[in-house]
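Student: First the structure, then my questions, so here it is.
Coordinate-derived values only; no laboratory data. All values reported here derive from a predicted model rather than from experimental measurement. Neighbour counts run over all protein chains shown; Cβ positions are idealised from the backbone, glycine included.
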Amino acid sequence: MERKAKYVVRLGEAERGRLQAMVDQGKGSKTIRARAWILLKADEGEHGPGWPDAKIAEAFEVGVRTVERTRRLLVTEGFEAVLVRKPSPNRQYRKLDGAQEAELVRLACSKPPAGRARWTLQLLADRLVERKVVRSIGREAVRTTLQKTTSSRGSASGG
């Protein structure tokens, strides 16, 4: 026997229409479309089928916990929260934008400071901070950025 859903989904006409349009047009990521399907079938409002979680999970090949989490997300955080994926806390975002990257490459291709044979990653990082290109940056971020470019710090031609 299935237990009664703790978070009850009741969609308005506008919300149902928006979810149905997303599903019909196939817009958005697979996760967001799955959430839309789940909510449409979980709707216990006037026009909703009010399926139980186990039936929804089986129909859309997701876990029962996924259905429960989607219900909870709608009730606790609102309709818009269901339609947006939260950014992953583990994802590594770029440290430098295009202009900052160009400044790094320009600096790496220039003559090294007096008393140095060539630029080190730490020297480049320190110089970017000195010139206020960035607030702070580590040598690993400098290394990965330069690795993506065709510049070579050790090359005599600088390019």
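Student: Pull out a ≥ b ≥ c, the square roots of the eigenvalues of the alpha-carbon gyration tensor of segment 13-82, then state rounded if a/c is under 1.5, prolate if not and a/b is larger than b/c, and oblate in the remaining case.
Tutor: Here segment 13-82 falls in the rounded category.
Student: (1) 1.73; (2) 1.02; (3) 1.33: which one is Cα Rg over 2.2 N^0.38 Å as calculated from this entry?
Tutor: Entry (1).
Student: A follow-up question, please. Please list 3J(HN,Hα) in residue order for segment 116-124, calculated via the Karplus relation 6.51 cos²θ - 1.76 cosθ + 1.60 where θ = phi - 60°; whole Hz, with x for glycine and proline.
Tutor: 10, 7, 7, 6, 9, 4, 5, 4, 5
Student: For segment 19-24, take each phi angle, set θ = phi - 60°, evaluate the Karplus expression 6.51 cos²θ - 1.76 cosθ + 1.60, and give the result in whole Hz per residue in order, putting x for glycine and proline.
Tutor: Karplus-based 3J(HN,Hα) across segment 19-24 equals 5, 5, 5, 4, 5, 5 Hz.
Student: A follow-up question, please. What percent does the relative contact order of segment 80-144 come to when contacts are Cα pairs within less than 8 Å and at least six residues apart?
Tutor: That works out to 28 percent.
Student: Straight-line reach from LYS95: which lysines fall under 17 Å, measuring Cα to Cα and dropping same-chain residues less than 8 apart?
Tutor: The reachable lysines, counting only those whose Cα sits under 17 Å from LYS95, are LYS132, LYS148.
Student: Considering amide H positions built from the backbone, and no H for Pro or chain starts, which residues 5 or more places from GLY45, or on another chain, come under 5 Å of its amide H?
Tutor: The answer is LEU11.
Student: Let me ask something else. Based on the Cβ-Cβ distance of ASP126 and SER29, what FRET efficiency does E = 1/(1 + (r/R0)^6) give at R0 = 35 Å, to the nearest 0.05?
Tutor: Taking R0 as 35 Å, the efficiency between ASP126 and SER29 is 0.30.
Student: Which lysines have a Cα less than 19 Å from the Cα of LYS55, not counting those fewer than 8 places away in the same chain?
Tutor: Those lysines meeting the cut-off are LYS4, LYS6, LYS41.
Student: On to the next question. Give the distance, in whole Å, between the Cα centre of segment 86-132 and the Cα centre of segment 1-80.
Tutor: Taking the Cα centre of each part, segment 86-132 and segment 1-80 sit 46 Å apart.
Student: Fewest Cβ neighbours within 10 Å first, please rank ARG139, ARG94 accordingly.
Tutor: Fewest to most other Cβ atoms nearby, the residues stand as ARG94, ARG139.
Student: Let me ask something additional. Classify segment 40-111 as rounded, prolate or oblate from the Cα gyration tensor: take a ≥ b ≥ c as the square roots of its eigenvalues, call it rounded if a/c is under 1.5, otherwise prolate when a/b beats b/c and oblate if not. Walk me through the numbers before you get to the answer.
Tutor: On the way: a/c = 5.12, a/b = 3.60, b/c = 1.42.
It is prolate, given that a/c is not under 1.5 and a/b is the larger ratio.
Student: Do you know the relative contact order of the chain, to the nearest whole percent, from alpha carbon pairs under 8 angstrom that are 6+ apart?
Tutor: Across the chain, relative contact order equals 16 percent.
Student: Using a basic spin-label model with each label point 7 Å from the Cα along Cα→Cβ, how many nm lie between GLU77 and ARG94?
Tutor: With each label point 7 Å from Cα toward Cβ, the separation is 2.6 nm.
Student: For segment 13-82, what relative contact order do you get, as a whole percent, if you take Cα pairs closer than 8 Å and at least 6 residues apart? Intermediate values should be presented prior to the final figure.
Tutor: Working: 61 pairs, mean separation 15.5, N = 70.
For segment 13-82, the relative contact order is 22 percent.
Student: To continue, here is another question. Mean residue ellipticity at 222 nm from the helices of the chain, using -39,500 (n - 2.57) per DSSP H segment of n ≥ 4 over the full residue count, to the nearest 500 deg cm²/dmol?
Tutor: Result for the chain, helices only: -16000 deg cm²/dmol.
Student: Right, here's the next one. Need one number: nm distance between label points at ALA21 and ALA54, each 7 Å from Cα along Cα→Cβ, rounded to one decimal.
Tutor: Reported label-point gap for ALA21 and ALA54 is 3.7 nm.
Student: May I ask you to sort ARG131, ARG35 by Cβ crowding, counting other Cβ atoms within 10 Å and putting the fewest first?
Tutor: Final ranking by Cβ density, sparse to dense: ARG131, ARG35.
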